[in-house]
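Below is one structure, written out as structure tokens; the observations come after it.
The values are calculated or read from the model by the stated rules, or taken from the named source; none is laboratory data. Quantities reported herein were computed from a predicted structural model and do not represent experimental measurements. Cβ sites come from the backbone with ideal geometry, for glycine too, and all protein chains shown count toward neighbours. We work out accessible area using only protein heavy atoms, side chains counted, and drop any ligands, DNA or RNA first. Shrake-Rupley method; radii C 1.70, N 1.55, O 1.52, S 1.80 Å.
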Amino acid sequence: EDQLVTFMVKASSFIQDHFTQVIIGVLLLVVAVGAIVFTSYTRRNAALDSEREFSVAMSQYNARDVEGAAIAFEHIADRYGGYRAGKLSYYFLAKSLLANQRYEDALDSFDEYIGKADANAPFRHAAVIGKAMCHEGLHNFTAAAELLEQLSQTIAPEDPRRLEVLFQAANDYGKAGTRDKALELMRIVADEATGTLRDQASVSVAILE
């Protein structure tokens, strides 16, 4: 009991001697907690706003209003680039620009999406294919073919998309005048594919040989 009384006396004396510092410390703590709460609240609201605006933009995109969708997606990407909806907006902005044949701008947006997207992001492979389509639109067939060939190397051998990507890469090499490379890839598709894709590749091999 004596120890408790002694402690209380010392504590009271300390507070009296350092009253100003204690008050300032308490105020700083209150301000810090308030800032954390405010920041969390603001971020949560921004995330909700971005999702709401993204939903509206997707409605425009699905209605084939690609010009209106491009404007909406660009706004979301600029304002909410760090959020999920903002990152996805770069991809759909690129798709909208591609549909409008604005190939250079679409390339930039695809690159923005790829740069911000995680390794397992849902449209990462599709963004690379989109970039290849932009290069095709610009008649840069070698660049398109190289992108697609590199992409095929990241797709599992058993995934049928791998051979579809290789087939398009071979076609682009052919359009670029790189016959040997086109024949090399087309032979792989003809040997490994099934059904219509194999038939198409076999015909292309016969033409290239």
With DNA, RNA and ligands ignored, accessible area of Leu48 (1.4 Å probe; Å², nearest 10): 100
Dipole moment magnitude, nearest 20 debye, the range 66-178 about Cα centre, only Lys, Arg, Asp, Glu C-beta charged: 260
Inter-centroid distance (Cα atoms) of the range 63-135 relative to the range 136-188, Å: 22
Over the range 68-187, equivalent-ellipsoid semi-axes from the Cα gyration tensor in Å: 28, 16, 9
Size of charge dipole - the range 149-209 - debye, nearest 20, with Cβ of Lys, Arg +1 and Asp, Glu -1, no other charges: 160
³J(HN,Hα) computed for each position of the range 63-73 - Karplus, 6.51 cos²θ - 1.76 cosθ + 1.60, integer Hz, glycine/proline x: 7, 6, 8, 5, 5, x, 5, 4, 5, 5, 5
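Using the alpha carbons of the range 161-209, what is the convex hull volume per residue in cubic angstrom, as a whole number? The partial results should precede the final answer.
Numbers: hull volume 2.8 nm³, N = 49.
It is 56 Å³ per residue.
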Where labels lie 7 Å past Cα in the beta-carbon direction, separation of Arg79 and Ala99 in nm: 2.1
